[in-house]
Amino acid sequence: ISNLERLGLYLTISVNERFIDGNHFKENILNHMPLLNQFTFDIRSLMFINNQMNLPSNEDIQDTFTDFHYRKIISCVDYFVERKEGQCHIYSYPYSMVYYHDITNNFPGGLFKCVRQVSLYDEHPFEHDFFLRISQSFPFLDQLSLINHHAQNSKQFSKSMNNNQNLSIVKYSYLKILRIRQVHDDYIEEFLFHTKTYFENILLDVNYKALERVTENFTRDDTRINSAKINEIYLFGDVKYPRFLHDYFPFAKIH
């Protein structure tokens, strides 16, 4: 192993006291591989949090890579109070994986042409501008899943200003699968309003009652255009099949 010149390391790991950072790499890898000249990695470390003090910030993690000369290193640290978990995601950039999981509002941006699958999670709202950033950073995205139970703030502002027409439309040119089963109703609106989001021919995974509310019992004009672009729907929860459901999703196979 000491003669290794190239190394790729990709993992998700639970830790007890410290996130994986540059110091771990130096102590456990780099000091033992003097010939290493190419090191690519994508590591998410997860830590249970329960009133700990002095939890590291993103700046603390980034500082551990100050003398790391292989590639540009990106770090992103988040703490989730509701699920009592801390997350530290570190990776070498350019990014070569086909997936990028648990993106939060702290997403640092960049261009990820290899990524096809993205999941989003946060305990703070995702606003419309956030989805613009996601679509621009992942231009070839074909699978998107989202978990967020918190209402959008900007939606309330848009209502008061009556300015939905001034929003930039988020375009998902390659999206094929959209999973929004565990979300606040605002995010179903975010994707089904044609004034906010553009897609073609997708599979939709969604909670039935939430979909019923957002589409106003499958009569709402604002969500009708994008609903006609859905070719398959998986409905979850207490599902009913009113006779006009197929009229509202005319090209969808409904499960």
Original post:
When the residues of region 13-34 are filtered to those that are over 28 Å from the mean Cα position of the chain (by Cα) and assigned to a loop (DSSP other than H, G, I, E, B), which remaining residue is modelled with the lowest pLDDT?
Top reply: 34
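Yes/no matrix, rows are residues, columns are (1) under 25 Å from the mean Cα position of the chain (by Cα); (2) outside any loop (DSSP other than H, G, I, E, B); (3) outside the structural domain of residue 183 (by TED's automatic domain parsing):
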residue: 211; (1), (2), (3): yes, yes, no
residue: 217; (1), (2), (3): no, no, no
residue: 240; (1), (2), (3): no, no, no
residue: 243; (1), (2), (3): no, no, no
residue: 247; (1), (2), (3): no, yes, no
**OP:** Starting from region 217-238, take each residue that is under 14 Å from residue 181 (Cα atoms) and modelled with pLDDT under 95 and list its partners that are surrounded by fewer than 17 Cβ atoms within 10 Å (Cβ to Cβ) and of a type in the set (D, E, K, R), counting only C-beta distances under 7 angstrom and pairs at least six apart or across chains.
**Re:** 237/209; 238/209
Subject >> Conditions (1) under 23 Å from residue 98 (Cβ atoms); (2) touching a residue at least 60 places away in the same chain (Cβ under 8 Å); (3) of a type in the set (Asp, Glu): number failed by residue 190 >> reply: (1)
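What about residue 89, is it without any contact (Cβ under 8 Å) to a residue 24 or more places away in the chain and either crowded, with 19+ Cβ neighbours inside 10 Å or assigned to a loop (DSSP other than H, G, I, E, B) (or both)?
Values: without any contact (Cβ under 8 Å) to a residue 24 or more places away in the chain: no; either crowded, with 19+ Cβ neighbours inside 10 Å or assigned to a loop (DSSP other than H, G, I, E, B) (or both): yes.
So residue 89 does not fit the description; no.
How many residues are of a type in the set (Asp, Glu) and out of contact with any Phe, Trp or Tyr (no Cβ under 7 Å at 6 or more places or on another chain) if we restrict to region 213-255?
So in region 213-255, the residues of a type in the set (Asp, Glu) come out as 216, 221-222, 232, 238, 247.
This time we only want the ones that are out of contact with any Phe, Trp or Tyr (no Cβ under 7 Å at 6 or more places or on another chain), so: 216, 221, 232, 247.
So the answer is 4.
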**OP:** Can you tell me which residue within region 39-54, out of those that are at pLDDT 95 or above and among the aliphatic types (A, V, I, L, M), is nearest to residue 68 (Cα to Cα)?
**Re:** 43
Subject >> Output for region 35-54, where each listed residue is of a type outside the set (A, V, I, L, M, F, W, C), at negative phi and part of a loop (DSSP other than H, G, I, E, B) >> reply: 37, 50, 52
**OP:** Could you list, in sequence order, all residues of region 220-238 that are more than 25 Å from residue 170 (Cα to Cα) and surrounded by 15 or more Cβ atoms within 10 Å (Cβ to Cβ)?
**Re:** 236
**OP:** Go through the residues of region 94-101 one by one and say whether even a single one is closer than 21 Å to residue 27 by Cα, touching a residue at least 12 places away in the same chain (Cβ under 8 Å) and exposed (fewer than 15 other Cβ atoms within 10 Å of the Cβ).
**Re:** no
**OP:** Could you check, for region 55-78, whether at least one of its residues is assigned to a strand (DSSP E or B), at pLDDT 90 or above and among the small types (Gly, Ala, Ser)?
**Re:** yes
**OP:** Would you mind finding the one in 145, 135 that is in contact with a strand residue (DSSP E or B) (Cβ under 6 Å, 6 or more places away or on another chain), more than 19 Å from residue 181 (Cβ to Cβ), of a type in the set (Ser, Thr, Tyr) and assigned by TED's automatic domain parsing to the domain that holds residue 180?
**Re:** 135
Subject >> Single residue of region 111-131 satisfying the filter (more than 12 Å from the chain's Cα centre (by Cα) and assigned to a helix (DSSP H, G or I)) that is surrounded by the most Cβ atoms within 10 Å (Cβ to Cβ) >> reply: 128
Subject >> Subset of region 189-209 (residues that are crowded, with 18+ Cβ neighbours inside 10 Å, in contact with a strand residue (DSSP E or B) (Cβ under 9 Å, 6 or more places away or on another chain) and either part of a loop (DSSP other than H, G, I, E, B) or of a type in the set (Gly, Ala, Ser) (or both)) >> reply: 196, 199
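The values are calculated or read from the model by the stated rules, or taken from the named source; none is laboratory data. Given the structure is predicted, the values throughout are model-derived calculations rather than measurements. For neighbour counting, all protein chains shown are included, and Cβ atoms are generated from backbone atoms with ideal geometry for every residue, glycine included.
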